[in-house]
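Read the structure below first, then the notes.
Bear in mind that the values in this text are calculations on the coordinates, not laboratory data. All values derive from a computational prediction rather than experimental measurement. Methodologically, a virtual Cβ is constructed for each residue, glycine included, from the backbone with ideal geometry; neighbour enumeration extends over all protein chains shown.
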Amino acid sequence: MGHSSASASIHHVSLIILSGILSLETIKLGLCSDDHNVGCIDIERKALLKLKQGLMDPSGRLSSWVGEDCCKWSGVGCNNITGRVNRLDLRNHYWFDYYGPTEHALIGEINPSLLVLKDLVYLDLSMNYFGGVFPSCIASLEKLKYLDLSGSSFVGVIPPNLGNLSRLFYLDLNLGILETDLQWLATLSFLKYLNLGGVNLTKTTSYWLPAINMLPSLVELHLPSCSLSIFPLTLSSINFTSLLVLDLSGNKFTSTVPPWLFNLTKLENLDLSYNSLTGKLPDSLGYLKSLRYLNLSDNSLEGPIPKSIGNLTSLDGIIPESLGELSSLVSLDIFGNKWGGAITEAHFAKLGGLRKVLIGNYPRNISFSLVFNISSDWVPPFKLRYLEIRSCQLGPKFPTWLRNQTELTTVVLLNARISGTIPDWFLQLDLQLDELSLADNQLSGRVPNSLRFSYDSLVDLSSNCYEGPLPLWSSNISRLYLRDNRFSWPILHNIGQVMPNLTQLDISTNSLSGSIPLFLGNLSQLQVILISNNLLSGEIPHFWNNIPSLVSIDLSNNSLSGTIPRSLGSLTSLQFLSLSSNNFSGEFPSLKNCTYLNILDLADNKFSGPILASIEESMPNLQILSLRSNSFTGSIPLNLCGLSAFHILDFSHNNLSGNIPHCIGNLSYLKSEATFIGNYANFGRFELVSKGRVYVYDYGAILSLVTSIDLSDNKLSGEIPMGLTSLIKLGTLNLSMNHLTGNIPANIGNLESIETLDLSLNKLSGSIPQSMVNLTFLNHLNLSYNNLSGTIPTSNQFQTFVDPSIYEGNPGLSWCPLPTGCQDNEEAPQVPSGDGEEDDGSKLEKLQFIISMVIGFCAGFWGVFGTLAMKGSWRHSYFHFIDKVKDAVLDFFPAIGTYLQKRL
């Protein structure tokens, strides 16, 4: 009996092993089949199409997203077995410009439909123009291993639940306008690459290093320009010893170089530039024998370079000195790369025929590590005609090696860390320039008037420290940019006579005083005039009829007063008009001839009277209208509802009365999923108030993505129009401080893109609609001081709205986070799945299922094995049969192998 039982067990185990082998072989055959093509899942295909619908695609990068099989679409990858989407690569590979993506960028919002792609392992949305708050839905894609959102213009707070992505090994959030602490990093133990460049880490400056030290797999760490101020000098133990790349440049460190840093002996790339590091470099620098790139520029280090630097045998420059041997070179263009190291005389030693030099990179206001280390008495062997050096260190002095460059026609030394004044010897070269750009430096003093320029030339001296009066040059200059300096004095009265060919004039952000001179009216070819952020006073002159080609006018943030001249209404080409933050008064004149007007900003003045009722007829292309903080009266004109491109409407802090028009739900851009690219020029700025803060946007594609309606602090009455809830692309809705009554619309949850909702200080009643839990992008909510009643929802986003001030002033509201609710209940209520009877029925069904499983298992197990155990003849017959099956199967595989070999 014992022998038979043992034999039965052995045979049974053999059968299980054999079955496993067969299963594995079957899977392998399936994987190797050339005909295996599952195709994509329909629900995922629809999710991708919804994502596409929310994006502008000017270059047609998503043109292949048609047909039934999404696995064949550009940028989409699928699992070969399941057909599920596991890879999405929408990176803009054409991106290269700090000012924004090229025409190949995707523009728009990340639709939450992305959550349907639950098997995503790889997600790259980098170098596009999405904008808006960080898409928190991405944190729910828990299978992600690779996530790159760099350069995609996201703003706001990095959601802490990003820590849910515990499988990540690559994370890049560089170039976003973001802030965060780093506590969520603790769960990302597999992370090998981390780039948070430009992310504001001021909240974590005291413990950023311990947070990073919890990442034992880290190979590359990039934290440049993160506002870190503390560089800990001690670290008890280092867990990230596999680190190869460390970039901490552009922070606010003021300590010595910490000793623990030299224990990272595998480092190949170390960048500590642009801090305020002090003290001497220690001999332990020589421990970093694997270093190939070292940048310590722009610090306050002192003393000799340690001799141990000779141990760094792998350290070399990026641009080789052998470049200087190319004696026949005429044009040297190495622009658009992130060069490092130093440029010396040796790089140009034999380049006697050189005529053109372009070196540097964007972004414009961030310097890279390429340093010009050239002697002050060096005389170049060449005579340049074109010189363009951007974002490299030429300074601090104006480069003296230009003394003999008498043939220059283009001089661009932008963001080159040059200070002091333009030397006299440069003026004595008597150059006739097509372009002179010395912007983004620290040049000071007065601008010399003796410079000479060719016809249609460009001069850019913006973002320096120049003072005194504005310079006056020859009539050949067409584009003059002097913004962001310290120019004072009045605007010279004869500027229109001396430089009559100006097409673009930017003298904003200075300290210019006095009035706007009448002679500006002589600039008949002017297209852009930006005089904002100065100390100008007086009234606007009546000369606008003389400048018919004007496209952009920005006179904001001055002390101008009086009424607006009606001649502004004659500018038929005008697209942008900003008169905000002045002391203008009276009624605003009609702009019925300005049919191309896109942006009208009259905020923070003393305008009065009704809002123009003819806005739709006279300005059909209007996209942004800001009348904030004036004294406008009357009702909101119904004609506004017909503006198809409207996406920012700010009437806050006025004396408007009446109802909110029911037709407001007809604003077609805000209610449709269609995409639209604003026709914005790259001149001027717009200020938007949201969440109690002022956000400044440059006119451009980013601004076309901002959507807001602010009617707060007026005397509006009646109910909230149901049509408002159809504006599915609306990001901000502020109706606070009015006299609105009735209930919050039940379907307010349709506002799927809403991020800010403020309904406070009204007379709203009823309950908080349950549909509001669907507002997954909502991050700022205020319902205080109304007559709301009932319980506060507790699911989804409402779990984060725990600040009692959000709900205070509503005595009928109950439950946490309000103290009145928490006193009566120890725990927050759970959202019921149904009524009590259904719950009891569900429990009974589960119990019946368990009992059935137990009975079925016992009957099946003992029905077979009990019989075999009781009757020996049956048992022998059963295992004899199993032996035959096993032998047949084992004979089958050699036979099939021989057959396949013959066929092949």
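Annotations
- The stretch between TYR122 and SER444 holds 110.9 nm of extra length on full extension. This uses 0.36 nm per residue minus the Cα-Cα distance.
- Simple label model, 7 Å out from Cα along Cβ direction - ARG355 to THR800, nm: 5.9 nm
- Separation of the ASN79 and LYS203 label points, Cα + 7 Å toward Cβ, nm: 3.5 nm
- Efficiency of FRET from Cβ geometry, LEU427 and ASN239, R₀ 56 Å, rounded to 0.05: 0.45
- Length available on full extension from VAL696 to THR400: 0.36 nm per residue minus the Cα-Cα distance, which gives 102.7 nm.
- Taking the Cα centre of the range 712-815 as origin and assigning +1 to Lys and Arg Cβ atoms and -1 to Asp and Glu Cβ atoms, the resulting dipole is close to 180 debye.
- The range 707-725 residues near the modelled SER635 label - backbone nitrogen below 15 Å, point 7 Å along Cα→Cβ: 715-721
- Neighbourhood net charge (15 Å Cβ-Cβ; Lys/Arg +1, Asp/Glu -1) for ILE660: -3
- In this calculation the C-beta distance from LYS72 to HIS104 is compared with R0 = 22 Å, giving a FRET efficiency of 0.55.
- The range 42-282 - charge dipole about Cα centre, Lys and Arg +1 at Cβ, Asp and Glu -1, debye rounded to 20: 380 debye
- Summarising the strand pairing of the range 42-282, around 15 percent of its internal DSSP beta bridges are antiparallel.
- Summing Lys and Arg as +1 and Asp and Glu as -1 over all other residues whose Cβ lies under 14 Å from the Cβ of ASN738 gives a net charge of -2.
- Length gained on full extension, VAL157 to CYS465: 107.5 nm, using 0.36 nm per residue less the C-alpha separation.
- Label positions at SER328 and TRP489, each projected 7 Å from the Cα along the C-beta direction, are separated by 5.3 nm.
- Nearest-0.05 FRET efficiency for THR187 and LYS46, computed from C-beta distance (R0 25 Å): 0.20
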